[in-house]
Amino acid sequence: MTLRLLQHLSQDGVRGVIAAQGETAHFLPEFPSIRSLALHAIAQGISLTAAVEAAGKGDAVDIAAEYAADRLLAPIDHDDDAHILLTGTGLTHLGSAEGRDKMHREAAAIETQTDSMRMFLEGLKGGKPSPGQTGQQPEWFYKGDGSQLVGPTAALTMPAFAQDGGEEPEIAGIYIIGDDGQPYRLGLALANEFSDHVTERYNYLWLAHSKLRQAALGPELLVGTPPEHIEGTSRILRDGATIWEKPFLSGEGNMSHSFANLEHHHFKYDLFRRAGDVHVHFFGTATLSFTDGVATQEGDVFEILAAPFTLPVRNPLKRADPVQVAVKTL
């Protein structure tokens, strides 16, 4: 059975790590965070699974009940938010170009092939290279540092100036850089990458602006070999009623790029291999409510579920108060 790791915060403020397989789960003795467990595994030269087995079993726990009590955290964090980097790649999924291309073609009102479609087709051709080969470079974007990462049930807050707050149901890779300067993939997490699609639609060169938003992770870190096929559901609830719902697919079997290729083109940069840093890398999606004409509003709730994850990422939408910024000359 697939191993899943979760981070827990008790009512008394005590942190812990939970290991779950199937319907059973237990606390891990001695480890307050998944990051500390991962660093221990790297130092010992063993896998996360082996580290969990060696840690022994603490008290049994009902993860569904802890989720309902809002005691589960995002499955990765760091004492210093500046040492977490949120990044991602787009146009990586079969079918993902359709909505993006439609958005940009309507905005530009042109007949020529858009850059989005060109990049998607190049990914189809060269996104899954043979082992040892370098494949096509994907679209890449930066979302922020760890201060932009929220937990499984926390609000996703768009800035006061945002034109839109839209969900992106995705799978995220979770990584840590070892003392040897090499990246280690800890596992995969269910994610809502959350973007401003109205801003992006206005001008594709504003994609970078549209991505500087918060993102949410589901509570479970899926350890081991990534599944070839992940099938889930993304929905939006308003006043308790579902106003939009659609299935989505992920996993390499549904992607135009391999995980290895996306990882190569992120970690090839020296600045992304700083020892101790954590990386959360979003692998993209082909399913957006925005392309179906949905306009979200404050109070809506985004809910994303996908097996083999057993718990959803479920976040209400909020808008931040305006902030006055004045640059002063010293």
With DSSP loop assignment and no more than 13 other C-beta atoms within 10 Å, the GluC sites (Glu not before Pro) in region 1-78 are Glu23, Glu30
As straight-line cross-link partners of Lys211, the qualifying lysines (C-alpha separation under 25 Å, not fewer than 8 residues apart within one chain) are Lys102, Lys143, Lys246, Lys268, Lys318
Here, trypsin sites (Lys or Arg not before Pro) of region 275-330 satisfying both criteria (DSSP loop; at most 10 other Cβ within 10 Å) are Lys328
Plugging the Cβ-Cβ distance of Ala320 and Gln44 into 1/(1 + (r/R0)^6) at R0 = 41 Å yields, to the nearest 0.05, a FRET efficiency of 0.45
Region 166-234 accessible area per residue, 1.4 Å probe, protein heavy atoms, integer Å², reads 33
Rounded to the nearest 0.05, FRET efficiency between Val327 and Ala208 (Cβ-Cβ, R0 22 Å) equals 0.60
Per residue convex hull volume, Cα only, region 154-221, in Å³ is 115
accessible surface per residue for region 1-53, probe 1.4 Å, DNA/RNA/ligands not counted, whole Å² -> 51
About its Cα centre, region 33-90 carries a charge dipole, from +1 on Lys and Arg Cβ atoms and -1 on Asp and Glu Cβ atoms, whose size in debye to the nearest 20 is 220
Carbon plus sulfur, as percent of the 1.4 Å-probe accessible area of the chain, comes to 51
What the 10 Å binned alpha carbon P(r) of the chain shows, as percent of pairs per bin from 0, is 6, 26, 35, 24, 9, 1, 0
Computed, not fitted: 222 nm per-residue ellipticity of the chain from DSSP H runs ≥ 4 (each -39500 (n - 2.57)), nearest 500, equal to -6000 deg cm²/dmol
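The values are calculated or read from the model by the stated rules, or taken from the named source; none is laboratory data. Because the structure is a prediction, the values reported are computed rather than measured. Cβ: placed from backbone, ideal geometry, glycine included. Neighbour counts: every protein chain shown. Side chains included, ligands, DNA and RNA excluded: accessible areas come from the protein's heavy atoms. Shrake-Rupley method; radii C 1.70, N 1.55, O 1.52, S 1.80 Å.
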